[in-house]
Amino acid sequence: MTDRHHAVDSAVASTADDIAEMRTRGAATIADAAAGALATQAKRSEATTEAAFRTELRAAAKTLYETRPTAVSLPNALRYVLRGMEGATVAELRASTIDQAEAFQRELAQAQSKLGTVGSNRLRDGDVVMTHCHSTDALSCVEAALEDGKEIEAIVKETRPRKQGHITARQLREWGVPVTLVVDNAARRYLDRADHVLVGADSIAADGSVINKIGTSGLAVNARERGVPVMVAAQTIKLHPDTMTGHTVEIEMRAESEIVSDDERADIDDEYTDDGLVVENPAFDVTPPRYVDAIVTERGQYPPESIVTLMRELFGETTSEPWEP
Ligand SMILES: O=P(O)(O)OC[C@H]1O[C@H](OP(=O)(O)O)[C@H](O)[C@@H]1O
């Protein structure tokens with residue numbers, strides 16, 4: 001273990017593990033957990049100098065950052081908290097970091113609720129929404145519509161391989177929403193009954209492309225062909241500032257064991273010695289802006305092509321790694 005790893009609190013390491021293993025998942029939830037972990041690091045730090053405290057917090061941020069690559073809400077959360085780390089003494093640094101993390105978590109919750117209000121204005125009484133994966137931002141739009149007294153129904157895609165659609169279905173049922181759960185391959189057939197496709201996002205690129213759970217792009221193309229509008233619910237924490245300077249968003253490749261067991265693999269091809277059978281498991285895909293009707297944020301709704309103006313306003317032109325001063 002390096003000194004850097006020694007400095008990272010065990011609670012931070014455990015939060016990082018939870019994110020990597022998807023026990024904590026969903027872009028907004030990951031951001032909230034990461035900010036909370038930095039606050040914990042600040043609270044528990046035994047650093048005696050300002051420099052040591054800063055080093056510890058940056059090491060904690062790096063540990064959290066290295067868990068999953070696609071949802072930009074994670075580095076955006078880390079950057080937000082570390083930028084608020086101010087003071088000339090350890091006590092001041094500790095207090096400012098904790099305050100900033102708590103402010104971040106408060107703003108995250110408020111943003112989601114504001115976004116929900118904006119998104120719910122697009123939903124009419126009696127509408128049917130088709131969902132993909134589980135997005136708290138997308139669900140906040142349904143929740144706000146229900147609070148307005150609108151009746152909403154849902155067609156929920158299962159979302160292989162991890163079946164986050166079950167989480168969506170459970171939440172919607174708790175709210176009393178009639179749910180039809182379908183396998184992913186049934187989506188096109190059920191689009192005939194849908195008034196909206198409603199999904200979240202892990203990252204939004206400067207050109208308005210939406211990076212979300214694998215299968216979103218195919219759904220959006222089918223929805224366009226069927227004339228069903230596609231609404232993406234994404235707080236501004238999902239805007240990916242690096243894409244303004246030409247960077248692309250890394251798509252996470254997850255373990256093949258999420259798709260096939262060892263036995264299933266051996267059943268297909270038991271020749272482990274060659275590379276004849278390759279199993280790939282990308283967690284996300286990219287939906288081009290022309291298939292998206294609106295990106296709904298806490299700052300209002302945007303056509304995807306104009307999201308870059310909001311991105312520039314919020315993040316400026318340049319970015320750095322979250323732990324860089
Ligand atoms: O922030 P909220 O809207 O909750 O979720 C946003 C997105 O995060 C999820 O990723 P995963 O399940 O962590 O791979 C889904 O792709 C979902 O659309």
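Some points to look at:
- Most fluctuating residue given options 263, 17, 125, as computed from a GNM of the chain linking Cα atoms under 10 Å: 263
- Amide H within-cut-off set for residue 214, under 5 Å, with H built and near neighbours excluded: 284, 285
- P(r) weight above 23 Å for the range 208-298, C-alpha pairs, percent: 43 percent
- A straight chain from residue 261 to residue 248 at 0.36 nm per residue would run longer than the Cα-Cα distance by 1.5 nm.
- Residue pairs exceeding 32 angstrom between C-alpha atoms, taken from 114/213; 43/163; 163/238: 43/163.
- Against the chain, whose longest principal axis comes from its Cα atoms, helix 165-174 is set at around 80 degrees.
- Pairwise label distance in nanometres, residue 52 with residue 270, each label 7 Å out on the Cα-Cβ vector: 5.9 nm
- Computed over the chain with a Gaussian network model linking Cα atoms closer than 10 Å, the most mobile of 52, 16, 201 is 52.
- Overall form of the range 3-113 per C-alpha gyration tensor (a/c, 1.5; a/b vs b/c): oblate
- Within the chain, all pairs of alpha-carbon atoms sorted by distance into 10 Å bins from zero give the percentages 6, 25, 31, 23, 12, 3, 0.
- In Å², nearest 10: area of residue 277 left accessible to a 1.4 Å probe: 40 Å²
- Estimated FRET transfer efficiency when R0 is 25 angstrom, pair residue 163-residue 109 (beta carbons, to 0.05): 0.40
- Each DSSP beta bridge with both residues in the chain is either parallel or antiparallel, and the antiparallel ones are about 35%.
- A simple spin-label model places pseudo-atoms 7 Å from Cα toward Cβ; at residue 173 and residue 18 they are separated by 2.5 nm.
- Gain on full stretching of the segment that runs from residue 278 to residue 89 - 0.36 nm per residue minus C-alpha separation: 62.7 nm
- The heavy atoms of residue 83 offer some 150 square angstrom of accessible surface to a 1.4 angstrom probe.
The values are calculated or read from the model by the stated rules, or taken from the named source; none is laboratory data. No experiment lies behind these values; they were computed from the predicted model shown. Quick reminder, even Gly has a Cβ in these numbers, built from the backbone with ideal geometry, and neighbours come from all protein chains shown. Accessible surface areas use protein heavy atoms only, side chains included; no ligands, DNA or RNA. Shrake-Rupley method; radii C 1.70, N 1.55, O 1.52, S 1.80 Å.
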